[in-house]
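A.B. asks: Let me give you the structure first, and then I'll get to my questions.
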Amino acid sequence: MAAIGENLKINSERLWDSLMEMAKIGPGVAGGNNRQTVTDEDSEGRHLFQDWCKAAGCTMGLDQMGNMFAHREGTDPDALPIYVGSHLDTQPTGGKYDGVLGVLSGLELLRTMNDLDIKTKHPIVVTNWTNEEGTRYAPAMLASGVFAGIHTQDWAYDRVDAEGKAFGDELQRIGWRGDEEVGARKMHAFFELHIEQGPILEAEGKQIGVVTHGQGLSWTQVTITGKDAHTGSTPMPMRKNAGLAMARILDKVEEIALSHAPHAVGAAGHIAVYPNSRNVIPGKVVFTIDFRSPDLAVITDMEARLRLEAQAICDAMGMGIEFEKVGGFDPVAFDETCVQAVRSAAERLGYSHMDLISGAGHDACWINKVAPTAMIMCPCVDGLSHNEAEEISQEWAAAGTDVLLHAVLETAIITT
Ligand code: HGY
Ligand code: MN
Ligand code: MN
């Protein structure tokens, strides 16, 4: 077969149709998706993906964390596979493309290679990583984290959701707990296509993000203990209002993140107020602070200042406070050879591109610890994600998948 030419492209219509078909499973209430990890909707999406992969001639592997591996044979049985993929689970008010584009673009690679009867030295494996989002079960990237040896499988199985249901039990219940040992698979390389989930590529008018790094993440769960009391008859000086303490702490979180502008970010997305009754002063609040930065020293500083400032606020208000680190990973530098394969693919195809640091966390951030890894990003409209209005164009999806195809074929070595 001729060298990989710029005219070698995927089937954009077929990719888009598959994205729209998957989006019908676990619909949200505003055009997006609510297909949370190890729910029945997750299982339905997994079955559809598995059916498509089998129709494309793949064999399907499944490990004890429910990670799915659709395998396309290579010509050299001893060559380690090239893995591609992302996640099919979504936020409760998620979009149609976060993670899903990375899985279904991998499937589109196999379909295109089948159409053109392309054979490669290295096998190709398309992966669906379980519980990337970390919304129902913290932390994010749970199963890829077990695969990379970050978390033990038992610890992961014991994670509980807001209803007290354990992850391992739910994975078993939906019938997607496989037998394969997690992490036993060895990879030649891993590539992940993902929407940017930020505004940079669209604002810069670029079709492709060549992701050189991923920023680090820190999740600290804070529990404040005040005192339930009547919101009407309790005099203001007597109150132990845990909600008020949280408000003052969240204002400090904003101040701490802005003190490291322009790259650091901070917010609380998870907030639980108890008893959450209109006429009861909240005696307890539990919330999670999400700090991120490309610089580990900045993350460490933000974590330390949060604990110091929050403790001082609660001491002054006569309330108890507890901190628990519930997630996090250091900033990531992706593999230069894989990153260059992405960059040269974009150049060969004539797609506008720029180097990018990923603002969001991805399974690739953990897989980078066990295999040479790189990411490709495509723009998303207004940089919006983790919102049902998340949107991308068919052209952006196709361009990202074309780059994935070329980067993978360059790495997998075409034999015919
Ligand atoms: O939190 C993240 O960055 C990813 O969306 N799980
Ligand atoms: Mn994602
Ligand atoms: Mn996400």
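A.B. asks: Can you give the charge dipole size of the stretch 190-304 about its Cα centre, rounded to the nearest 20 debye, using +1 on the beta carbon of Lys and Arg and -1 on the beta carbon of Asp and Glu?
C.D. replies: It comes to approximately 820 debye.
A.B. asks: Charges on Cβ only, +1 for Lys and Arg, -1 for Asp and Glu, centred on the Cα centroid of the stretch 266-416; of M375, A310, T300, which one is farthest towards the dipole's positive end?
C.D. replies: Of the candidates, A310 comes out farthest on the positive side.
A.B. asks: Once the other residues with Cβ under 13 Å from the Cβ of W366 are scored (Lys, Arg +1; Asp, Glu -1), what is the net sum?
C.D. replies: Here the charged neighbours net out to -3.
A.B. asks: Of the options L62, T37, I4, report the single residue whose Cα projects farthest towards the positive end of the charge dipole of the stretch 1-95 (beta-carbon charges: Lys, Arg +1; Asp, Glu -1).
C.D. replies: Comparing the listed Cα positions along the dipole, I4 ranks first.
A.B. asks: Okay, next question. Report, to the nearest whole %, how much of the accessible area of the chain belongs to carbon and sulfur atoms, 1.4 Å probe, protein only.
C.D. replies: 51
A.B. asks: In addition: Write down the percent of antiparallel bridges among all DSSP beta bridges whose residues are both part of the chain, to the nearest 5.
C.D. replies: Of the beta bridges lying entirely in the chain, close to 70 percent run antiparallel.
A.B. asks: Check T415: other-chain or 5+ apart residues with amide H under 5 Å from its amide H, H built from backbone geometry?
C.D. replies: The list, which skips near neighbours in sequence, is K119, T120, K121.
A.B. asks: Name the shape class, rounded, prolate or oblate, that the alpha-carbon gyration tensor gives for the chain, where a ≥ b ≥ c are the square roots of its eigenvalues, rounded holds for a/c under 1.5, and otherwise prolate holds if a/b is larger than b/c and oblate otherwise.
C.D. replies: prolate
A.B. asks: Could you compute the net charge surrounding L80? Neighbours are other residues with a C-beta less than 11 Å from the C-beta of L80; K and R count +1, D and E count -1.
C.D. replies: Every neighbour counted, the sum reads +1.
A.B. asks: Arrange the peptides 291-299, 51-59 so that the one whose residues have, on average, the most other Cβ atoms within 10 Å appears first.
C.D. replies: Highest mean packing first, the order is 291-299, 51-59.
A.B. asks: When you count, for each residue, the other Cβ atoms within 10 Å and take the mean per peptide, how do 215-228, 149-162, 383-396, 117-130 rank with the highest first?
C.D. replies: Descending packing order for the listed peptides: 117-130, 215-228, 383-396, 149-162.
A.B. asks: Shifting gears a bit: Using only Cα atoms, find the angle between the long axis of helix 40-55 and the longest principal axis of the chain, and express it within 0 to 90 degrees, rounded to the nearest 10.
C.D. replies: Approximately 10 degrees, to the nearest 10.
A.B. asks: Right, next: From Cα pairs below 8 angstrom and at least 6 apart in sequence, can you work out the relative contact order of the stretch 236-336, rounded to a whole percent?
C.D. replies: Computed over the stretch 236-336, the figure is 29 percent.
A.B. asks: At a threshold of 8 angstrom on Cα-Cα distance, excluding pairs fewer than six apart, so keeping six or more, what relative contact order does the stretch 130-288 reach in percent?
C.D. replies: 17
A.B. asks: Enter the accessible area per residue of the chain (Å², integer; probe 1.4 Å; all protein chains in place).
C.D. replies: 40
A.B. asks: Can you tell me the 0 to 90 degree angle between the C-alpha axis of helix 394-412 and the longest principal axis of the chain, rounded to 10?
C.D. replies: 60
A.B. asks: Can you say what percent of the DSSP beta bridges in the stretch 42-167, counting only those with both residues inside, are antiparallel? Round to 5.
C.D. replies: In the stretch 42-167, DSSP labels about 65 percent of beta bridges as antiparallel.
A.B. asks: Is there a pair in K96/K284; K96/K119; K284/K325; K96/K121; K96/K252 whose C-alpha atoms are over 28 Å apart, and which pairs would that be?
C.D. replies: From K96/K284; K96/K119; K284/K325; K96/K121; K96/K252, over 28 Å: K96/K284; K96/K119; K96/K121; K96/K252.
A.B. asks: Pairs of alpha-carbon atoms within less than 8 angstrom and 6+ residues apart define the contacts here; what relative contact order does the stretch 1-147 have, in percent?
C.D. replies: 27
A.B. asks: Also: Quick one: which of 231-240, 278-287 comes out on top by average Cβ neighbours within 10 Å, and what's the full order, highest first?
C.D. replies: Going by the mean number of other Cβ atoms within 10 Å, highest first, we get 278-287, 231-240.
A.B. asks: Shape verdict for the stretch 4-73, please, from the Cα gyration tensor: rounded (a/c under 1.5), prolate (a/b greater than b/c) or oblate.
C.D. replies: Because a/c hits 1.5 or more and a/b fails to exceed b/c, the stretch 4-73 counts as oblate.
A.B. asks: Need the full-extension length gain, A203 to I413, defined as separation in residues times 0.36 nm minus the C-alpha distance. One decimal, nm.
C.D. replies: Using 0.36 nm per residue and subtracting the Cα-Cα distance, I get 72.1 nm.
A.B. asks: What aspartates and glutamates could a cross-link reach from K24, if we take a straight Cα to Cα line under 14 Å and drop same-chain neighbours fewer than 8 places away?
C.D. replies: Partners found: D40, E41, D42, E44, D89, E388.
A.B. asks: Quick check: residue separation of K24 and E322 times 0.36 nm, minus the Cα distance between them. What number comes out in nm?
C.D. replies: In short, 103.1 nm is gained.
The values are calculated or read from the model by the stated rules, or taken from the named source; none is laboratory data. Being a predicted model, the structure only gives us computed values, none of them experimental. Neighbour counts are summed over all protein chains in view; Cβ atoms, including those assigned to glycine, are modelled from backbone coordinates with ideal geometry. The protein model used for the area step is the full one, side chains on, heavy atoms only, and it has no ligands, DNA or RNA in it. Shrake-Rupley method; radii C 1.70, N 1.55, O 1.52, S 1.80 Å.
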